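Visitor: I am attaching a structure below and will ask some questions about it afterwards.
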Amino acid sequence: MAPVASVAPTEDRPAHLGDWLTASDAELAKSDIARLNLSAAGGLPGAEGLDVDAKLAELDRWAKHVASETERNLHRFREHPGEYENSEAYFRALMLIVALQGDLGVHYNPARISEPDFTNSKDLFLHGMIGDANGGTCVSMPVLYVAIGRRLGYPMRLALTKGHVFARWDGAEHVNPALRGRFNVEGTNRGLNTPDDQHYADWPNKLTDAERANDWFRRSLTPAEELAVFLMQRGHCLEDTGRTAEAQVAYAMAHQLAPKSPEALAYLVNVVRGEAIARASSDPQAVAANAKRDSSAEWTAEKRRQATEIAREAIERGRIQPAVNPAMPRPPTGGPIAPQIPGMPK
């Protein structure tokens, strides 16, 4: 069993969100993805009184529980590897999802299935699932799985397609043979699904040829790019609660960290142009000038098109995919009897 690698707070961690922009790639790589995520939620509606260190300590406890349950059930993989893709990595990912959902109550916020809402940070960041009944969404649940997985030494990353965030086990060349493997991890429904990369070329939004070639969608993100995703989520919350100047800052920071992201630039252009149009709305000459400039600025029109297409889908589209696995019963915790889980032989 890989040891639990709890991420302890570092003495030199940035004290403010903006300070992460000056952190080196190496510093970001050593940072706890959960801390980065929760830092991006600071000061937002739904994050009042957020105690980041307390939330991180709870995640450490969750990681220990996942480690214990995985070790307790590991004999199932040893005895019947064919039931788990002949992959210990797959088995560990399955147990991670099962323990978090079945034992610790991690769930999708049902209120967000049909009514997307960017105004509550609990739907966008980790704290909505840690000691809170709110639940998560397709932008926060993958982050939770990666945060716990990394605490266990698992090679887990975030990845994106257009309008969706997902987790990935990315350890094809891992030093530990038991952890080798590469597969996508979907855990917003009950249980674990592992769609291939091609699935994300067509779902939830079909990628254009240019989007397939732009080296942004469907690849594993760097730590800086992961932070950029969190800043985009921050920008959505700020924009939808009327704090557009702060939203511009968040989107600009995201674009700085992830210059390959068409989304970060699209969101920034959209909010800047929206403010300009709002200011000019009482001046007919200004409105006409803006329209003329728009018609001659092809790149602006394209970015606004992207923003219209992507921006308001970027949180909730991940819930549309039908569940592949059957409903998963809540397994018992502790004791000598392992939980009975769909897909696990008795």
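Visitor: Could you give every pair whose Cβ atoms fall below 9 Å, whose first residue belongs to the range 122-137 and is in the same structural domain as Arg234 (by TED's automatic domain parsing), and whose second residue is buried (at least 24 other Cβ atoms within 10 Å of the Cβ), counting only separations of at least 6 or pairs across chains?
Guide: none
Visitor: OK, next. Among the residues that make up the range 27-35, is at least one of them surrounded by fewer than 14 Cβ atoms within 10 Å (Cβ to Cβ), at pLDDT 95 or above and either closer than 23 Å to Ala167 by Cβ or hydrophobic (A, V, I, L, M, F, W, C) (or both)?
Guide: no
Visitor: Across the range 157-171, which residue is farthest from Leu44 (Cα to Cα) among those that are in contact (Cβ under 8 Å) with a residue 60 or more places away in the chain and not small (Gly, Ala, Ser)?
Guide: Trp169
Visitor: Right, here's the next one. Go through the range 219-254 and report how many residues are surrounded by fewer than 22 Cβ atoms within 10 Å (Cβ to Cβ), in contact with a Leu (Cβ under 9 Å, 6 or more places away or on another chain) and in a helix (DSSP H, G or I).
Guide: Within the range 219-254, residues that are surrounded by fewer than 22 Cβ atoms within 10 Å (Cβ to Cβ), in contact with a Leu (Cβ under 9 Å, 6 or more places away or on another chain) and in a helix (DSSP H, G or I) number 8.
Visitor: Looking at Glu239, Glu275, which one is modelled with pLDDT of 95 or more and either aliphatic (A, V, I, L, M) or outside the structural domain of Ala47 (by TED's automatic domain parsing) (or both)? Before you say what the answer is, go through the steps one by one.
Guide: Values: Glu275 fails: modelled with pLDDT of 95 or more.
Just one listed residue meets the conditions, Glu239.
Visitor: Here is a follow-up. When only residues in the range 65-113 that are of a type in the set (A, V, I, L, M) and surrounded by fewer than 16 Cβ atoms within 10 Å (Cβ to Cβ) count, which is nearest to Arg168 (Cα to Cα)?
Guide: If we take residues in the range 65-113 being of a type in the set (A, V, I, L, M) and surrounded by fewer than 16 Cβ atoms within 10 Å (Cβ to Cβ), then Ile113 is nearest to Arg168 (Cα to Cα).
Visitor: Given (1) at pLDDT below 95; (2) surrounded by fewer than 19 Cβ atoms within 10 Å (Cβ to Cβ); (3) not in a helix (DSSP H, G or I), identify the lone condition not met by Pro45.
Guide: Against the list (1) at pLDDT below 95; (2) surrounded by fewer than 19 Cβ atoms within 10 Å (Cβ to Cβ); (3) not in a helix (DSSP H, G or I), Pro45 comes up short only on (1).
Visitor: Still on this structure, I have one more. Can Ala147 be described as without any contact (Cβ under 8 Å) to a residue 60 or more places away in the chain, touching a helix residue (DSSP H, G or I) at 6+ places or on another chain (Cβ under 9 Å) and outside the structural domain of Ser261 (by TED's automatic domain parsing)?
Guide: no
The values are calculated or read from the model by the stated rules, or taken from the named source; none is laboratory data. In this text, all values refer to a predicted model and were calculated from it rather than measured experimentally. We place every Cβ from the backbone using ideal geometry, glycine too, and count neighbours over all the protein chains shown.
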